[in-house]
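Structure first, then comments.
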Amino acid sequence: MRVEVLLVALPIYAVVSAITFVAFGVDKRRAGRNERRIPERTLHALELLGGWPGALLGMQVFRHKRRKAAYFLVTWALAAGHSIAFAAWLLRA
C-alpha cells in the first residue's frame with residue numbers, strides 16, 4: 001500500500017513544487033517591475049499543499065524572500081512539518 005501512495009504523492013509534490021517555483025519567479029519579476037505581487041499567503045498556501053521543495057529552490061535560484069525572516073521561518077516550518085509527517089508515515093509499523 002505504501003508504494004501505491006508514494007506513486008500518487010510524489011507526482012503531486014513534483015507538480016505543486018513546479019507551480020510554486022514558477023510563482024516565486026513571477027513574484028520576483030513583478031517585484032522588480034513594481035507590479036502587483038503574489039500575496040505571501042498564496043505562496044505559503046502552495047508550500048502547505050506540498051510545494052515547499054519548489055519554494056526552497058525558488059528562494060535560492062531567484063534570490064527571493066531570503067531576507068524576510070518571518071517568511072523564511074514559516075517556509076522552513078512547513079518543510080519540516082511535511083518531512084516529519086512523511087518520515088513518520090514511512091516508519092510506522
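What follows draws every value from the coordinates through simple rules; no lab data is involved. Computed from a prediction, not measured in an experiment: that's the story for all the values here. Neighbour counts run over all protein chains shown; Cβ positions are idealised from the backbone, glycine included.
Scan the stretch 1-20 residue by residue and report those that are of a type outside the set (A, V, I, L, M, F, W, C) and surrounded by 11 or more Cβ atoms within 10 Å (Cβ to Cβ). Spell out how you get there, then give the answer.
Of all residues in the stretch 1-20, those of a type outside the set (A, V, I, L, M, F, W, C) come to 2, 4, 11, 13, 17, 20.
Matches in the stretch 1-20: 13, 17, 20.
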(1) over 14 Å from the mean Cα position of the chain (by Cα); (2) farther than 21 Å from residue 29 by Cα: which one isn't true of residue 83, the others all being true? (1)
Among the residues of the stretch 21-55, write down those that are closer than 17 Å to residue 73 by Cα and crowded, with 20+ Cβ neighbours inside 10 Å. 24, 43, 46, 47, 50, 51, 52, 54, 55
